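**Student:** The structure follows.
The values are calculated or read from the model by the stated rules, or taken from the named source; none is laboratory data. Since we're looking at a predicted model, the values are computed, not measured. Reconstructed Cβ throughout: ideal geometry from the backbone, glycine too, with neighbour counts over all protein chains shown.
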Amino acid sequence: MRYSPRNIVVACNHRGLTHFGGIYFFHEFVRLLRLRHFLAQQLRYPRRNNRYSVSQMILALVYPLVLGLDRLETASFLRSNGTFQYLTGMPNFPDPQTLRRFLLRAPDSLWKQLHGVNDRLLQHFLHTPHHRSRLIFDLDSTVVTVFGHQEQAAVGYNPRYRGKRSYNPLVCMETNSTFFWDTELRAGNAGTWDGSVELLDTSFSNVPPDIREIRLRADSGFGFDPVLRALEQESVDYVVVARMTQGLKRLLPGLRYESVNRQWEMAEFDYRPHGWPHARRFCVARRFIADDSTDTLFSMGRHVYRVWVTNMKLTPAGVWHFYDGRATIERRILELREDFALRKIPTRSFSTNALYLEIIRLAYNLVTAFQRTCLQESWKKLTLPKLRSNCFSFRENSLGRGIVPSYGYANHQCFKPWQMMSFAKFGGLNPSSRERRPFSRRI
């Protein structure tokens, strides 16, 4: 019979353990990208008596987002994690007040500079691993509820917390690469399309010159003439859900429909709503309501309708099929809100929160680029929580830091994909030499 041990010494003084050992893989990607050097070149933030450089502070805000430490206070767990600091090359980790003070004291120009860094990162990875000739943008907005007295937070459309103050950021995503292309923080009572023309202008100015075609999809909140006119001036092919005005509703029953399947029939027509300078093409799909059950689509009489305004040379069924691909942006926005701490507003200052939104954009695009360039095909579509559990967040033990530092990892399935990672597919970031249009947006 085997006896249990009797004399055991329990010590809590081992600094070589960490639950974030897999962050080394992500840090190696950032190191070969020369991101710290690039941030040091591009960001100008004059400070006195600083213990950390600007690039170190930006990365100290990015790493907790990647690891799931969604608040500045919870990031303090990394202060006592010596192995994490060693793996990421940081002398130590800033405390929460240092991080918050860095954000609050940042000049207004830092937002513009960080926005340029994000744009340069997109240009660097857009054609990796394959060359692209077409971009598909999905435009949407989301509600970020705040529980305090933040600047420019206002009561607006808020389906979950009715009557609560909120922000209403605009989000532009590129569908095929899943990159977070652009964003703008707005007040909670902002109109559905307020600021979208300026957002589109900066989004298109960041498109490389070798892209031959741009397409865009948006819901009815952006179906206004100024938005459509801005898209047409840039020669963008668009499909936007039409606003159901009274004049448009009167036209729908009298159209000539053709069946596309057993349930739906479609038609197309040219129509000029009130206030528009010219007529545009509309496509409409309708389905007969067989019973009295409720439907989330617009219903009139015994039919439910879906209507789009477009300038694309597709059949009505092709327009419908193309727009339905926009459903992926809902999952991307949910990932931003829940996994990248978009719901956790760090300060009361509006300009500071806008800067933090750019840092979230940087973290999101770095993780996306890491997946697209370094992981095998089956791992490229993993969500961030799955990537954390499979690659970033597992136990690691420091076995020594001599001439050749050694680290021990548990036997885990993630090391098979790690053997297939290739960091030689890309080089470091360099300042862009391509001329860009003037940057006009302001906070």
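**Student:** Here is a list: 429, 384. Which entry is at pLDDT below 85 and touching a helix residue (DSSP H, G or I) at 6+ places or on another chain (Cβ under 7 Å)?
**Tutor:** Of 429, 384, the one residue that is at pLDDT below 85 and touching a helix residue (DSSP H, G or I) at 6+ places or on another chain (Cβ under 7 Å) is 429.
**Student:** Taking segment 303-346, which residues are over 30 Å from residue 147 (Cα atoms), in contact with a Leu (Cβ under 7 Å, 6 or more places away or on another chain) and in a helix (DSSP H, G or I)?
**Tutor:** The one that is over 30 Å from residue 147 (Cα atoms), in contact with a Leu (Cβ under 7 Å, 6 or more places away or on another chain) and in a helix (DSSP H, G or I): 322.
**Student:** In segment 123-153, which residues are farther than 16 Å from residue 184 by Cβ and outside any loop (DSSP other than H, G, I, E, B)?
**Tutor:** Hits for segment 123-153 are 123, 124, 125, 134, 135, 136, 145.
**Student:** Determine if segment 55-67 includes at least one residue that is assigned to a loop (DSSP other than H, G, I, E, B), out of contact with any helix residue (DSSP H, G or I) (no Cβ under 6 Å at 6 or more places or on another chain) and in contact (Cβ under 8 Å) with a residue 40 or more places away in the chain.
**Tutor:** no
**Student:** Pairs, please: C-beta under 9 Å, at least 6 apart or cross-chain, first residue over 18 Å from residue 368 (Cβ atoms) and assigned by TED's automatic domain parsing to the domain that holds residue 200 and in segment 124-146, second of a type in the set (A, V, I, L, M, F, W, C) and buried (at least 18 other Cβ atoms within 10 Å of the Cβ)?
**Tutor:** none
**Student:** Under 6 Å between Cβ atoms, which residue pairs at least 6 apart in sequence (or on different chains) link something in segment 244-265 that is surrounded by 10 or more Cβ atoms within 10 Å (Cβ to Cβ) with a partner that is among the polar types (S, T, N, Q)?
**Tutor:** 265/259
**Student:** When you go through 226, 208 one by one, which is the residue that is exposed (fewer than 15 other Cβ atoms within 10 Å of the Cβ), within 23 Å of the chain's Cα centre (by Cα) and either assigned by TED's automatic domain parsing to the domain that holds residue 282 or not aliphatic (A, V, I, L, M) (or both)?
**Tutor:** After applying the criteria, what remains is 208.
**Student:** Restricting the first residue to segment 329-346 and requiring it to be under 9 Å from residue 70 (Cβ atoms), which pairs with a second residue that is buried (at least 19 other Cβ atoms within 10 Å of the Cβ) and not β-branched (Val, Ile, Thr) meet a Cβ separation below 8 Å and a spacing of at least six or different chains?
**Tutor:** From segment 329-346, the pairs are 339/384; 340/65; 340/363; 340/364; 340/384; 341/65.
**Student:** Can you tell me which residue in segment 345-365 is surrounded by the fewest Cβ atoms within 10 Å (Cβ to Cβ), limited to those that are of a type in the set (D, E, K, R) and over 13 Å from residue 110 (Cβ atoms)?
**Tutor:** The residue in question is 348.
**Student:** Related question: Given the condition out of contact with any Phe, Trp or Tyr (no Cβ under 6 Å at 6 or more places or on another chain), under 29 Å from residue 305 (Cβ atoms) and free of Cβ contacts under 8 Å to residues at least 60 places away in the same chain, answer yes or no: does some residue in segment 208-219 qualify?
**Tutor:** no
**Student:** Same structure, new question: When you look at residue 94, is it of a type outside the set (Val, Ile, Thr), assigned to a loop (DSSP other than H, G, I, E, B), crowded, with 16+ Cβ neighbours inside 10 Å and in contact (Cβ under 8 Å) with a residue 40 or more places away in the chain, yes or no?
**Tutor:** Answer is yes for this residue.
**Student:** Now a separate question. Hey, does segment 299-314 have a residue that's touching a residue at least 12 places away in the same chain (Cβ under 8 Å), of a type in the set (Lys, Arg) and in the same structural domain as residue 225 (by TED's automatic domain parsing)?
**Tutor:** yes
**Student:** Next question, about the same structure. Give me the residue from segment 68-83 that is touching a residue at least 40 places away in the same chain (Cβ under 8 Å) and part of a loop (DSSP other than H, G, I, E, B) and, out of that set, farthest from the chain's Cα centre (by Cα).
**Tutor:** In this case the residue turns out to be 81.
**Student:** Further question on the same structure: Restricting to segment 16-37, and then to whatever is outside any loop (DSSP other than H, G, I, E, B) and in contact with a Lys or Arg (Cβ under 8 Å, 6 or more places away or on another chain), can you tell me which residue is farthest from residue 77 (Cα to Cα)?
**Tutor:** 30
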